[in-house]
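What follows is a short report on a single structure.
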Amino acid sequence: MYRVASGLGALKVSRPRLEPQPYLYLPASSHFRQIWARFPDPQRHRLRLLVRHRADAQLMNIAIRSASTSVAQRSSGGFWTWLTGARSNAFPPPDFTLPGVTIPPPLPDLVEPGRTKITTLPNGVKIASETSAGPSCSVGVYVDCGSVYEAPETTGASQLLKTMAFASTTNRSELRVVREIEAIGGRAKASASREMMSYTYGALKSYMPEMVEALIDCVRNPAFLDWEIKEQILRLKADLAKSSSNPETFLLEALHSTGYSGALANPLIASDFTVSRLNSDVLEHFIAENYTAPRIVLAASGVDHDELISIAEPLLSDIPAVAGTTRPKSTYIGGEYRRSADSSNTDVALAFEVPSGWLKEKDFGTVSVLQTLLGGGGKFSWGRQGKGLHSRLNHLVNEFDQIKSVSAFKDVHSNTGIFGIHTSTDASFVPKAIDLAARELTSLATPGQVDQSQLDRAKASAKSAILTNLESQASLTEDMGRQVLAFGERKPAEHLLKAIDAVTLKDVTSVAEKIISSPLTMASHGNVLNVPTYESVSGKFRAK
């Protein structure tokens, strides 16, 4: 073993005893002799020792670090100081002021969140913004539009608009759009849900004017070139095929198409046939009907409101002020959907209606607590909010090896929604897994089955999930756009947190009982031979 002892003026290196070596002479060039002559005798001796023992590179590095560490405690020098005895120039102190550089004052310990400011243009477009202390900003255009507004001839239009969000416009080619986003280090994305289309763009605050102009151009002026539409249809088909092969995504789609009649039964995962029928005329007609001024919100986080208005108003003020199509109605009816697949596993989802939707905040807060109460998880999903060791469903994964995953879910819309349990299990274990899921759901509606400590833990987890989500500027901007579309204002996060804090054990029981009193919607995928009949599963909840 090598041992290095460091100290000022001495270097001791211990290594296995070596055979005596002949005296090693140093190079005799005149230049080297001039340099060598500058070293005092003690330093020359140390160098000769290192050379004579043929210290390898690793040992030399250890010696240098050890010596410089010891010396650094008493001087600002390093190995050169230890070797030569000279003292290097001292580093400037930490508070040294650089000429021409002004350091901004530090932020206070508590920075109050920015208040949402909203301006409504004469044509009905709403512009909302909040300030923030960070260097970046997020801008989004949100439209009250989605699959619920699609007719049979426009099925899949919202999904195709999502994939074509940043394609060619009447003012820019697709290449220019991409280059402009990349040139400022931006992040742009679009999404399409059942009730809202969203387009978001994030970058540094200094680029906010360019971001707003480019984003509005992509939303308002799509070129819908035939070759781009054909290309994006192929891409969309691949995306939809991938989504339909995901059991969790497929079951959520099946629950809507089976459990609702009306607009919410419209598919998000459209078939290849319906997507192939889409063209520029269909897309232009769909936008003309739905992208109207009263149904559009421009939201931004981390920007000055007055500056945002001065940039966005000229770009949005000429949008037609017509109200457009009213939102079609949906009715929850329940039902069953099965799809057989070549698999040894079975995925099953049991769902019921959340009758009030997220517009009724008290019930929505209670449903959020119900979801975290049940929690759940899979073999490798510990650590996520609501999926910890203390959730009511998580212990099922540990108790039964046949269960691959089990978790509570909710998909809530403006006036309705669904809540339930999804599980993936061995095909032979499906009847037992459904019994266990039914037992957990009915226990929520039974007084005394949930104690105060479980409720407090679930409320804390629900609040943590909300606040964690709002840490993202993109999520904050989307929340702003969604609330302004629905309420005409944005209620702060504290408003929802207070609604969750106000949830009581009685609220949990009453809301859970109301939910499981609605008709059951059951969807299964995989090896469905052992899935019980709809009537037998539904009867487990009617008995409650």
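The values are calculated or read from the model by the stated rules, or taken from the named source; none is laboratory data. The shown structure was predicted, so the numbers you read here are calculated from the model rather than taken from an experiment. Methodologically, a virtual Cβ is constructed for each residue, glycine included, from the backbone with ideal geometry; neighbour enumeration extends over all protein chains shown. Please note that ligands, DNA and RNA were not included when accessible areas were found on the heavy atoms of the full protein model with its side chains. Shrake-Rupley method; radii C 1.70, N 1.55, O 1.52, S 1.80 Å.
Right, residue 434: closer than 26 Å to residue 540 by Cα, in contact (Cβ under 8 Å) with a residue 60 or more places away in the chain and under 23 Å from the mean Cα position of the chain (by Cα) or not? Considered against the rule, which asks whether it is closer than 26 Å to residue 540 by Cα, in contact (Cβ under 8 Å) with a residue 60 or more places away in the chain and under 23 Å from the mean Cα position of the chain (by Cα), residue 434 comes out as no. The residue pairs whose first member lies in the stretch 138-156 and is over 17 Å from residue 329 (Cα atoms), whose second member is acidic (Asp, Glu) and surrounded by 24 or more Cβ atoms within 10 Å (Cβ to Cβ), and whose beta carbons are closer than 9 Å, counting only pairs six or more residues apart or on different chains, are 156/150. One residue alone among 449, 483 is among the polar types (S, T, N, Q) and not in a helix (DSSP H, G or I), and that residue is 449.
Summed over the stretch 479-516, the residues that are touching a Phe, Trp or Tyr at 6+ places or on another chain (Cβ under 6 Å) and within 24 Å of residue 350 (Cβ to Cβ) give a count of 2. Just to be sure before I move on: is residue 141 assigned to a helix (DSSP H, G or I) and of a type in the set (Val, Ile, Thr) in the structure I sent? So residue 141 does not fit the description; no. Filter the stretch 300-309 for residues that are assigned to a helix (DSSP H, G or I) and either touching a helix residue (DSSP H, G or I) at 6+ places or on another chain (Cβ under 6 Å) or free of Cβ contacts under 8 Å to residues at least 40 places away in the same chain (or both) and give the result. Once the filter is applied, which keeps residues that are assigned to a helix (DSSP H, G or I) and either touching a helix residue (DSSP H, G or I) at 6+ places or on another chain (Cβ under 6 Å) or free of Cβ contacts under 8 Å to residues at least 40 places away in the same chain (or both), the stretch 300-309 yields only 306. Evaluated against (1) more than 19 Å from residue 474 (Cβ to Cβ); (2) of a type in the set (Ser, Thr, Tyr); (3) in a helix (DSSP H, G or I), residue 207 falls short on exactly one condition, (1). Looking across 361, 336, one residue alone is closer than 20 Å to residue 519 by Cα and either open to solvent by less than 70 Å² (accessible area, probe 1.4 Å) or at pLDDT 90 or above (or both). It is 336.
Table: residues versus (1) among the aromatic types (Phe, Trp, Tyr); (2) open to solvent by 30 Å² or more (accessible area, probe 1.4 Å).
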{"position": "494", "(1), (2)": "no, yes"}
{"position": "513", "(1), (2)": "no, yes"}
{"position": "524", "(1), (2)": "no, no"}
{"position": "534", "(1), (2)": "yes, yes"}
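Here 477, 423 are screened, and the one residue that is open to solvent by less than 50 Å² (accessible area, probe 1.4 Å), in contact with a helix residue (DSSP H, G or I) (Cβ under 7 Å, 6 or more places away or on another chain) and β-branched (Val, Ile, Thr) is 423. Does at least one position in the stretch 310-329 carry a residue that is open to solvent by 60 Å² or more (accessible area, probe 1.4 Å), touching a His at 6+ places or on another chain (Cβ under 7 Å), not aromatic (Phe, Trp, Tyr) and not in a loop (DSSP other than H, G, I, E, B)? No: the stretch 310-329 contains no residue that is open to solvent by 60 Å² or more (accessible area, probe 1.4 Å), touching a His at 6+ places or on another chain (Cβ under 7 Å), not aromatic (Phe, Trp, Tyr) and not in a loop (DSSP other than H, G, I, E, B).
Only one of the numbered conditions (1) in a helix (DSSP H, G or I); (2) without any contact (Cβ under 8 Å) to a residue 60 or more places away in the chain; (3) not aliphatic (A, V, I, L, M) is violated by residue 404, and that is (1). With respect to residue 297, is the statement that it is buried (at least 18 other Cβ atoms within 10 Å of the Cβ) and either touching a residue at least 12 places away in the same chain (Cβ under 8 Å) or outside any strand (DSSP E or B) (or both) true? For residue 297, the condition - buried (at least 18 other Cβ atoms within 10 Å of the Cβ) and either touching a residue at least 12 places away in the same chain (Cβ under 8 Å) or outside any strand (DSSP E or B) (or both) - is met. Residues of the stretch 229-278 that are closer than 25 Å to residue 327 by Cβ, open to solvent by less than 40 Å² (accessible area, probe 1.4 Å), in a helix (DSSP H, G or I) and in contact with a strand residue (DSSP E or B) (Cβ under 9 Å, 6 or more places away or on another chain): 253, 254, 255, 256, 258, 259, 263, 264, 265.
Being in a loop (DSSP other than H, G, I, E, B), touching a residue at least 12 places away in the same chain (Cβ under 8 Å), over 30 Å from residue 531 (Cα atoms) and open to solvent by less than 70 Å² (accessible area, probe 1.4 Å), is that true of even one residue in the stretch 463-470? Yes, there is a match, as at least one residue in the stretch 463-470 is in a loop (DSSP other than H, G, I, E, B), touching a residue at least 12 places away in the same chain (Cβ under 8 Å), over 30 Å from residue 531 (Cα atoms) and open to solvent by less than 70 Å² (accessible area, probe 1.4 Å). Kindly establish whether residue 195 is touching a helix residue (DSSP H, G or I) at 6+ places or on another chain (Cβ under 8 Å), modelled with pLDDT under 95, within 20 Å of residue 279 (Cα to Cα) and open to solvent by 10 Å² or more (accessible area, probe 1.4 Å). In short, no. Taken as a whole, the structure leaves residue 282 outside the set of residues that are more than 26 Å from the chain's Cα centre (by Cα), assigned to a loop (DSSP other than H, G, I, E, B) and surrounded by 14 or more Cβ atoms within 10 Å (Cβ to Cβ). Restricting attention to the stretch 438-450, the residues that are open to solvent by 70 Å² or more (accessible area, probe 1.4 Å) and either free of Cβ contacts under 8 Å to residues at least 60 places away in the same chain or touching a strand residue (DSSP E or B) at 6+ places or on another chain (Cβ under 6 Å) (or both) total 3. Here the stretch 120-138 is the region considered, the condition is being farther than 22 Å from residue 185 by Cα and assigned to a loop (DSSP other than H, G, I, E, B), and the residue that is most open to solvent (accessible area, probe 1.4 Å) is 122.
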